[in-house]
1. Mind listing just one residue for me: the one in the stretch 15-46 that is open to solvent by less than 10 Å² (accessible area, probe 1.4 Å) and either within 14 Å of ligand 1 (Cβ to nearest atom) or in contact with a Gly (Cβ under 8 Å, 6 or more places away or on another chain) (or both) and, of those, farthest from P158 (Cα to Cα)?
2. So for the stretch 50-57 (the condition being away from ligand 2 (no atom under 16 Å from the Cβ) and open to solvent by less than 40 Å² (accessible area, probe 1.4 Å)), does at least one residue qualify?
3. Among the residues of the stretch 78-124, write down those that are of a type in the set (S, T, N, Q) and under 26 Å from A63 (Cα atoms).
4. Does any residue in the stretch 125-138 that is closer than 15 Å to R61 by Cα come within less than 6 Å, Cβ to Cβ, of a residue that is among the basic types (K, R) and away from ligand 1 (no atom under 14 Å from the Cβ) six or more places away or on a different chain, and which pairs are these?
5. What is the one condition in (1) out of contact with any Ser or Thr (no Cβ under 6 Å at 6 or more places or on another chain); (2) touching a residue at least 12 places away in the same chain (Cβ under 8 Å) that T59 does not satisfy?
6. Looking only at helices (runs of 4 or more DSSP H) that fall completely inside the stretch 79-184, which ones have 2 or more residues that are of a type in the set (K, R)?
7. How many residues, within the stretch 82-138, are surrounded by 14 or more Cβ atoms within 10 Å (Cβ to Cβ) and within 16 Å of ligand 1 (Cβ to nearest atom)?
8. Residues of the stretch 139-184 being under 25 Å from T68 (Cβ atoms), within 11 Å of ligand 1 (Cβ to nearest atom) and open to solvent by 10 Å² or more (accessible area, probe 1.4 Å), which ones?
Amino acid sequence: MKRYQYEPKCVDEIVVRQFTFEFPDDLDPIWVPDHVVRSHLFNGLSLTMPYLEPFLVKTMREASEHITDPELLQDMRGFNGQEACHYKCHRRLNELLKSNGYPELADVEARLARSYEKLSTKSLRTRLAYSAGFECMTNGFTTWLINERTQLFAHASPVVSSVWLMHMIEETEHRTVAFDAYMA
Ligand SMILES: [Fe+2]
Ligand SMILES: [Fe+2]
């Protein structure tokens with residue numbers, strides 16, 4: 001049986017871009033006009049990011065203490081740099097969702113915080129498997145979002161659409177790293 005072996009990424013490099021987006025203070029949480037469900041589908045996903053992505057970063061950091069392959073370690077640093085930038089953008093967006101009509105989302109955030117705290121007590125192996133699984137799922141979501149972008153984001157807020165596109169495009173760059181770290 002063929003054993004797993006690390007292979008370098010399809011991309012030349014995982015680029016850490018320190019991007020930021022300026023959200024207007026009066027940002028409408030229904031940022032895809034006339035599409036309440038679509039807006040809230042993405043808002044719900046955005047809510048998870050400041051809990052999920054720091055969890056991924058922490059898990060990768062801990063895993064890196066057990067990994068010696070310099071190329072994979074470099075990938076993991078790129079992964080962490082990208083994820084750290086993502087959740088900071090989502091955190092600012094989520095603050096506006098709460099202050100512009102949905103303060104009750106703070107309860108959802110509290111539940112997310114508890115859930116990820118509990119997950120953080122699991123073994124490194126379990127946390128890496130979760131991370132690899134989540135990134136694998138993200139890849140399917142990314143393919144859908146990028147292929148459907150013109151329909152999904154027609155007439156939508158350019159800044160919120162851009163956050164999602166930028167985020168998901170970076171996901172394609174580091175998509176295999178969590179799996180590689182788990183296998184290593
Ligand atoms: Fe991300
Ligand atoms: Fe990711």
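The values are calculated or read from the model by the stated rules, or taken from the named source; none is laboratory data. Please read all numbers here as calculations on a predicted model, not as lab measurements. All Cβ positions, glycine included, derive from the backbone under ideal geometry; neighbour counts span all protein chains shown. Remember, those area values only see protein heavy atoms, side chains included, never the ligands or the DNA or RNA. Shrake-Rupley method; radii C 1.70, N 1.55, O 1.52, S 1.80 Å.
1. Going through the qualifying residues, I end up with S46.
2. No, that holds for no residue.
3. N80, Q82, S115, S120, T121, S123
4. Nothing qualifies.
5. Status for T59: all satisfied but (1).
6. It comes to 105-119, 124-147.
7. Selection size over the stretch 82-138: 21.
8. Passing the criteria: E173, R175.
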